[in-house]
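**Q** Before I ask anything, here is the structure I am working with.
The values are calculated or read from the model by the stated rules, or taken from the named source; none is laboratory data. It should be emphasised that the depicted structure is a prediction, and the values quoted were computed from it without experimental measurement. So basically every Cβ, Gly included, is an ideal-geometry build from the backbone, and we count neighbours across all protein chains shown.
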């Protein structure tokens, strides 16, 4: 399986259209002129992913006040994302990428170390995309816990 080259600051963010938890299409281009925090997580309803999603939820108002839109992406189905959204009162779009096309475009699926073994899977990653659609901050292999606080610091919002 080939691994896409990791995105770097200044790269154009790969365009996409995915279905959200309500099975409505959402495109990156819908947010042209806005700053987007696009984060990829392995699976809805798992402990780390729930911690991370709730962290984004709890910081959403201040991120939005600073001009950011938050979008979460996983390979889960829209129906599972809907359960995740309802279960944890998530207030931002959760996007379904079942064929991993967008994961691959952002180089967030591939080899990773899990409990000391090399496995194929989703690499927990976050991208800050500027108003012009350029990658401003590519963050690969982020930790679920404390990630939003770290991101806020990097964005000068802490």
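**Q** From the list 61, 66, 89, which one is without any contact (Cβ under 8 Å) to a residue 24 or more places away in the chain and either within 16 Å of residue 22 (Cα to Cα) or over 16 Å from the mean Cα position of the chain (by Cα) (or both)? First the steps, then the outcome.
**A** On the way: 66 fails: without any contact (Cβ under 8 Å) to a residue 24 or more places away in the chain; 89 fails: without any contact (Cβ under 8 Å) to a residue 24 or more places away in the chain.
Only one candidate passes the filter, namely 61.
**Q** Looking at residue 78, is it in contact (Cβ under 8 Å) with a residue 12 or more places away in the chain, over 21 Å from residue 145 (Cα atoms) and surrounded by fewer than 21 Cβ atoms within 10 Å (Cβ to Cβ)? Break it down stepwise before answering.
**A** Values: in contact (Cβ under 8 Å) with a residue 12 or more places away in the chain: yes; over 21 Å from residue 145 (Cα atoms): yes; surrounded by fewer than 21 Cβ atoms within 10 Å (Cβ to Cβ): yes.
Yes; evaluated as a whole, the condition is true for this residue.
**Q** What's the number of the only condition in (1) more than 23 Å from residue 151 (Cα to Cα); (2) touching a helix residue (DSSP H, G or I) at 6+ places or on another chain (Cβ under 8 Å) that residue 86 fails to meet?
**A** Here residue 86 clears every test but (2).
**Q** Restricting to segment 143-155, name every residue that is part of a loop (DSSP other than H, G, I, E, B) and closer than 16 Å to residue 64 by Cβ. Talk me through it step by step, then tell me what you get.
**A** The initial filter retains those residues of segment 143-155 that are part of a loop (DSSP other than H, G, I, E, B), namely 143-146, 155.
Correct list: 155 only.
**Q** Give the residue, chosen from 75, 83, that is modelled with pLDDT of 95 or more and more than 14 Å from the chain's Cα centre (by Cα). Let's see the steps before the verdict.
**A** Details: 75 fails: more than 14 Å from the chain's Cα centre (by Cα).
Within the list 75, 83, the selection yields 83.
**Q** Of the residues that sit in segment 99-128 and are in a loop (DSSP other than H, G, I, E, B) and in contact with a helix residue (DSSP H, G or I) (Cβ under 9 Å, 6 or more places away or on another chain), which one is farthest from residue 144 (Cα to Cα)? Write out each step before concluding.
**A** Within segment 99-128, the first condition is being in a loop (DSSP other than H, G, I, E, B), and the residues that meet it are 99-100, 106-108, 115-116, 123-124.
Imposing the further condition that a residue be in contact with a helix residue (DSSP H, G or I) (Cβ under 9 Å, 6 or more places away or on another chain) reduces the set to 108, 123-124.
On the way: 108: 15, 123: 11, 124: 8 Å.
In this case the residue turns out to be 108.
**Q** Now a separate question. Being in contact (Cβ under 8 Å) with a residue 24 or more places away in the chain, touching a helix residue (DSSP H, G or I) at 6+ places or on another chain (Cβ under 6 Å) and assigned to a helix (DSSP H, G or I): is that true of residue 23 here? It would help to see each step written out before you state the result.
**A** Details: in contact (Cβ under 8 Å) with a residue 24 or more places away in the chain: yes; touching a helix residue (DSSP H, G or I) at 6+ places or on another chain (Cβ under 6 Å): yes; assigned to a helix (DSSP H, G or I): no.
Considered against the rule, which asks whether it is in contact (Cβ under 8 Å) with a residue 24 or more places away in the chain, touching a helix residue (DSSP H, G or I) at 6+ places or on another chain (Cβ under 6 Å) and assigned to a helix (DSSP H, G or I), residue 23 comes out as no.
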